[in-house]
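Following: one structure in structure tokens, then a few remarks.
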Amino acid sequence: MTVATTALKIGIAGLGNVGGGVVKLLAQNADLIARRAGRPIIVSAVSARDRSRDRGVALDGMAWVDDAAELAKRSDVDVVVELIGGSDGPALTLARRTLSAGKPLVTANKAMLAHHGMELAQIAENAGLPLKYEAAVAGGIPVIKGIAEGAAANRITRVYGLMNGTCNYILSRMEAEGLGFAAVLADAQAQGFAEADPSFDIDGVDTAHKLSILAALAFGARIDFAGVAAHGIRAIEPADIEQAAALGFRIKLVGLAEVQDGQLFQRVHPALVPLDHPVATTMGSLNAVVVEGDFVGRLFFQGRGAGAGPTASAVVADLIDIARGDVRPPLVMPVADLAALPRAPAADRRGRYYLRLTVADRAGVLAELTASLRDCGVSIESLVQRGTAANGGAMLVMVTHEAREADVLASLAHMAASPAVAGPPVMMHILDF
């Protein structure tokens, strides 16, 4: 390919690990990128909070802009890369101004897209501009391209997987070392694997942001972040992990979206995944996404979901597309054609469930609790009672046969009201596909 002499000039807002990684990647692989893009791609301007910070990359020849939103107006910036983060505030202001100024936008901001993606997609579409966001979901894994391009001819029936490296890291260490959740989280924070405020990660919000974007792409639907039911991993104990392993499962935080009978179901939840499932073999901070299409079957994507290198790789891949002149609707199809799918209720979903309770270690308790399940129409596949807990009670673990979710929840409510049960019961779904 002949490389054009006119460079694509970009402005980067946010020079943290990812922003620095983009600068480094564009410099280190400049010749290869130029040949693949058909023209050089250079950084002409940058913006960040602290000018004095050493970012480990050379910023020579790049203009420094104190107000990130000013990047949208600069004549020496053809494309803006937004790496600030946050659903609103400076990131959203920059995104709106960039597209309104007639310039393409590349972002790694899943929160902003989950909350404002429909608006930004419409602005970009009206102006005939690229809005690219491969790095917003699963870091360096090309799952956005996989759905939008590779599986474009398929009717996708389900998308699910592990989309948060922090949670996967915590659960993997709990399993490998037999440690409690709090201890692993504290160590992950000390090592920089988890944020000082880890709520978005461990409560499933980060995964919910990503899942809502994938669901829109997979099903030709409007983004519906508010429709994602999110449950995190705070309640998981080492005993759950041990018992799951004994049953042939591994506990993972799974984001799941599927369409049934014209309704969209989206949920983030801890689940027991069979040990031979590809998702169960994804350990540490790796991410994994499964896409199921009617003709292609199961597609499995695995790799680094975060970090300077993988995320920068995805950002630069988007820049190469823009340099090549790739302009398409940001959500694969025009916004006007996206379906406003009703939310599917969880009550009638059927599946198997893992239930864990701490109960008084006395005669008659087991009969009382199993009667609660029986009265709600839920049958037990297996039951294990483990020794004495720290509070003097016993841990009771049950796996149900396939049942309606509403019936399982009703039985748990009955059991939780019993004086024999200490603390709230724990329920986890079993991944049977």
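The values are calculated or read from the model by the stated rules, or taken from the named source; none is laboratory data. On a predicted model such as this, the values are computed, not experimentally measured, just so you know. Quick reminder, even Gly has a Cβ in these numbers, built from the backbone with ideal geometry, and neighbours come from all protein chains shown.
General observations
- A Cβ distance below 8 Å, combined with a sequence gap of six or more or placement on separate chains, defines the contacts here; from the range 119-147, residues that are touching a residue at least 24 places away in the same chain (Cβ under 8 Å) and farther than 16 Å from A218 by Cα reach residues that are basic (K, R) and assigned to a loop (DSSP other than H, G, I, E, B) in the pairs L129/K103; P130/R328.
- Checking the stated criteria, N154 turns out to be over 24 Å from V205 (Cα atoms) and either part of a strand (DSSP E or B) or touching a Phe, Trp or Tyr at 6+ places or on another chain (Cβ under 6 Å) (or both).
- Checked against the criterion of being of a type in the set (S, T, Y) and at pLDDT 95 or above, the range 278-291 contains one or more residues that satisfy it.
Every residue, every condition in (1) surrounded by 17 or more Cβ atoms within 10 Å (Cβ to Cβ); (2) modelled with pLDDT under 95; (3) farther than 30 Å from V228 by Cα, yes or no:
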site: L32; (1), (2), (3): no, no, yes
site: V65; (1), (2), (3): yes, yes, yes
site: G86; (1), (2), (3): no, yes, no
site: G89; (1), (2), (3): no, yes, no
site: L92; (1), (2), (3): yes, no, no
site: R96; (1), (2), (3): yes, no, no
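- Residues that are touching a residue at least 40 places away in the same chain (Cβ under 8 Å) and either surrounded by fewer than 22 Cβ atoms within 10 Å (Cβ to Cβ) or part of a helix (DSSP H, G or I) (or both), drawn from the range 9-28: K9, G16, N17, V18, G19, G20, G21, V22, K24, L25, L26
- Long-range neighbours under 6 Å by Cβ, at least six apart or interchain, first residue without any contact (Cβ under 8 Å) to a residue 60 or more places away in the chain within the range 275-288, second crowded, with 20+ Cβ neighbours inside 10 Å: L275/R250; A280/R250; A280/V273
- Some residue of the range 43-50 being touching a residue at least 40 places away in the same chain (Cβ under 8 Å) and not in a helix (DSSP H, G or I): no
- Filtered by the rule that a residue be under 18 Å from R234 (Cβ atoms) and either outside the structural domain of V279 (by TED's automatic domain parsing) or in a loop (DSSP other than H, G, I, E, B) (or both), the range 179-195 gives L179, G180, F193, A194, E195.
- Residue in the range 232-246 that is surrounded by fewer than 20 Cβ atoms within 10 Å (Cβ to Cβ) and basic (K, R) present: yes
- Criterion applied to L264, L217 was being surrounded by 22 or more Cβ atoms within 10 Å (Cβ to Cβ), farther than 24 Å from L396 by Cα and touching a Pro at 6+ places or on another chain (Cβ under 8 Å), and the one residue passing it is L264.
- Pairs with Cβ under 8 Å, 6+ apart, first in the range 202-228 and outside the structural domain of A288 (by TED's automatic domain parsing), second of a type in the set (A, V, I, L, M) and surrounded by fewer than 24 Cβ atoms within 10 Å (Cβ to Cβ): none
- For the range 292-342, the candidate set comprises residues that are basic (K, R) and within 30 Å of L253 (Cβ to Cβ); within that set, the residue that is modelled with the highest pLDDT is R298.
- Meets criteria (touching a residue at least 60 places away in the same chain (Cβ under 8 Å), over 17 Å from the mean Cα position of the chain (by Cα), surrounded by 14 or more Cβ atoms within 10 Å (Cβ to Cβ) and on the phi > 0 side of the Ramachandran plot) for V332: yes
- The set of residues in the range 46-58 that are under 15 Å from V18 (Cβ atoms) and either buried (at least 16 other Cβ atoms within 10 Å of the Cβ) or touching a helix residue (DSSP H, G or I) at 6+ places or on another chain (Cβ under 8 Å) (or both) comprises V46, S47, A48, R55, G56, V57.
- Meets criteria (modelled with pLDDT under 95 and crowded, with 17+ Cβ neighbours inside 10 Å) for S418: no
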